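Here is the structure we will look at.
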Amino acid sequence: MVPDIESKITRPRIPISTGTNVDSEINEDGDQEIDTITEHVSNLNFDVSLICKANQKIEGFHISALPLEILQYIVCLMVLPDLDLRTLEQFGMVCKRFYMLARENLLWQKSCQRLWGKECTPVEYSGDWRLLYISCPHVHFNGVYISRSSYVRPGERSLDLLYKPFHTVIYYRYLRFFADGSVLYLTSPEEPAEVVGRLRHKVHTDAIMLGHFTLSSNMLNVVATRSVKVTTPSPTSARGRRRRVQSENSTQDQKFHMEMELNHSKTKLSSQLKWKHFSCHTMHRLVNGWMDG
């Protein structure tokens, strides 16, 4: 890649019309945002030699044959809904033309404003929205944060009482963040290779809890909830036997509060979470009201 590829533009950009609403949300006016970015990029002029070409003959059309506006529309659909900016960076490694599309400042502006709100501005970064995104702490939406924990549990003594074993228990906490502010939380003894695939989509089960998160500077707050049905024993029968029946109005609502600090690792930005606080609050839902646990 040429570091100063941005300077290779041969035609100046035409300012965006003031009548275009560039601050609309992707969920409400997604088509208008994409049209705004497409209009902005359509004024760029690229040298034909900067475009990737097929190494061999293929059936149909190669991606390099698509007009610039169509390519930018595809990039917007690829990035803005889920803020998949890692894919955008990989897209920019294909050729110099795709590199320019991936560096479009307005596209990074939409991503930053969706992540931190419309009030954020790249004043300290000379108007570079991409540099703002890279420099400021943010969670990643294209992976899973994994915490490995362990503790020692005493076992039962041997029959001859000569020794008492101790067991090391290992379990994992998984956090999967989404661009809409939701998060999946799972605690499991299963290895990451068996669990990560189940957290790819936002589907919660009895074990996988669904919650939401907020980010203030580098402090991350996560709240996840789970409802558990409680079984109660029936009265003792005449024969002294008990049978367990499901109580229709007995439910436990558990709310997990997690506070973490978002840090950089040695190899990747904003890829490390440091636990600061963890608590669980249980509410018992009864027939006539609530009772704290």
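The values are calculated or read from the model by the stated rules, or taken from the named source; none is laboratory data. Here the structure is a predicted model, which means the values were calculated and not measured. When we count neighbours, we look across all protein chains shown, and the Cβ atoms used for this are built from the backbone with ideal geometry, even at glycine. We work out accessible area using only protein heavy atoms, side chains counted, and drop any ligands, DNA or RNA first. Shrake-Rupley method; radii C 1.70, N 1.55, O 1.52, S 1.80 Å.
State which residue pairs qualify: first residue surrounded by 14 or more Cβ atoms within 10 Å (Cβ to Cβ) and inside the range 192-214, second residue among the basic types (Lys, Arg) and not in a helix (DSSP H, G or I) in any location, beta carbons under 7 Å apart, and separation of 6 or more residues or different chains.
199/176; 209/226
So which residues in the range 178-191 are outside any strand (DSSP E or B) and either open to solvent by less than 80 Å² (accessible area, probe 1.4 Å) or over 21 Å from residue 79 (Cα atoms) (or both)?
178, 179, 181, 189, 190, 191
Could you tell me which of the residues 226, 239 is more than 24 Å from residue 271 (Cβ to Cβ), modelled with pLDDT under 90 and part of a strand (DSSP E or B)?
226
Can you pull out every residue in the range 143-157 that is at pLDDT below 85 and open to solvent by 20 Å² or more (accessible area, probe 1.4 Å)?
156, 157
Residue 130 passes all but one of (1) open to solvent by 60 Å² or more (accessible area, probe 1.4 Å); (2) at pLDDT 85 or above; (3) of a type in the set (D, E, K, R); which number fails?
Result: residue 130 fails condition (1) only.
Report every pair of residues separated by at least 6 positions or lying on different chains whose Cβ atoms are under 6 Å apart, first residue within the range 149-177 and free of Cβ contacts under 8 Å to residues at least 12 places away in the same chain and in a loop (DSSP other than H, G, I, E, B), second open to solvent by 100 Å² or more (accessible area, probe 1.4 Å) and not aromatic (Phe, Trp, Tyr).
Close Cβ pairs satisfying both conditions: 164/157.
Only one of 17, 42, 7, 49 is in contact with a Leu (Cβ under 7 Å, 6 or more places away or on another chain), modelled with pLDDT under 75 and not aliphatic (A, V, I, L, M). Can you tell me which?
42
Find all pairs meeting these conditions: Cβ atoms under 7 angstrom apart; at least six residues apart or on different chains; first residue within the range 272-286 and within 30 Å of residue 137 (Cβ to Cβ) and free of Cβ contacts under 8 Å to residues at least 40 places away in the same chain; second residue open to solvent by 80 Å² or more (accessible area, probe 1.4 Å) and part of a strand (DSSP E or B).
Qualifying pairs under 7 Å: 281/255.
Please specify each residue of the range 146-190 satisfying the condition of being under 20 Å from the mean Cα position of the chain (by Cα), of a type in the set (Asp, Glu) and over 30 Å from residue 113 (Cα atoms).
Listed by number, the list is empty, since nothing qualifies.
Looking only at the range 109-127, which residues are open to solvent by 30 Å² or more (accessible area, probe 1.4 Å) and within 19 Å of the chain's Cα centre (by Cα)?
109, 114, 115, 116
If only one of 88, 132, 77, 83 is aliphatic (A, V, I, L, M) and over 30 Å from residue 208 (Cβ atoms), which one is it?
132 is the lone residue from the list that is aliphatic (A, V, I, L, M) and over 30 Å from residue 208 (Cβ atoms).
Just the residues that are modelled with pLDDT of 85 or more and part of a loop (DSSP other than H, G, I, E, B), please, taken from the range 85-98.
Residues satisfying the conditions are 92, 93.
Taking into account only those residues within the range 66-84 that are within 22 Å of residue 112 (Cβ to Cβ) and outside any helix (DSSP H, G or I), which is most open to solvent (accessible area, probe 1.4 Å)?
Of everything passing the filter in the range 66-84, 82 is most open to solvent (accessible area, probe 1.4 Å).
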